[in-house]
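Below: one structure, written as structure tokens.
The values are calculated or read from the model by the stated rules, or taken from the named source; none is laboratory data. Bear in mind that the values here come from a model prediction, so they are computed numbers and not experimental data. Reconstructed Cβ throughout: ideal geometry from the backbone, glycine too, with neighbour counts over all protein chains shown.
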């Protein structure tokens, strides 16, 4: 009887996983297939006679500056990652390892900043960027992206540093690291 229940539970788990896979992968597969259909129709009344075409992709790469858009995204994402990584690592390390006046209030301020929706500050951000002539520039976007992600990432990395024992820092200092 125990073996039978185990097989049934295994079957139910696999059935659950298959259903979830269909729910997750179904829209992705449908989107990919729709991108190869002729015309603008995302839905068709029949499944037979679907003609596959690369016209949409040819239009994307020839009639639009898609590669420039992609390059802009790559540059901004890479710069945001590098700047945020450097700033957040140093900030979180200081909050995790050092004691100083105002530390608790600053951490609470960071936590409270995360509670406000980002759209509340959009008008103020636009005015600031406009006055600094940073509209439509990489620098303006980087300022928004980096400063927007700092509170959450600082709190997250601080939690990671808190989990590392301070004895590791002491051992590193004894061995000559900093």
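Against the numbered list (1) closer than 27 Å to residue 115 by Cβ; (2) in contact (Cβ under 8 Å) with a residue 24 or more places away in the chain, residue 127 comes up short only at (2). Taken over region 85-113, the residue count meeting the criterion of being at positive phi and under 22 Å from the mean Cα position of the chain (by Cα) is 0. Within the option set 130, 121, being closer than 30 Å to residue 70 by Cα and surrounded by 12 or more Cβ atoms within 10 Å (Cβ to Cβ) holds for one residue only, 121. Mind checking whether some residue in region 17-37 is touching a strand residue (DSSP E or B) at 6+ places or on another chain (Cβ under 8 Å), farther than 30 Å from residue 149 by Cβ and surrounded by 10 or more Cβ atoms within 10 Å (Cβ to Cβ)? Yes: one or more hits. Pairs meeting the criteria (first residue in region 48-67 and closer than 17 Å to residue 38 by Cβ, second residue surrounded by 12 or more Cβ atoms within 10 Å (Cβ to Cβ) and at pLDDT 90 or above, beta carbons under 9 Å, at least 6 apart or on different chains) are 60/66. The conditions of being over 26 Å from residue 169 (Cβ atoms) and surrounded by fewer than 12 Cβ atoms within 10 Å (Cβ to Cβ) are not met by residue 108. Within the set 138, 98, the sole residue that is modelled with pLDDT under 95 and farther than 18 Å from residue 155 by Cα turns out to be 138.
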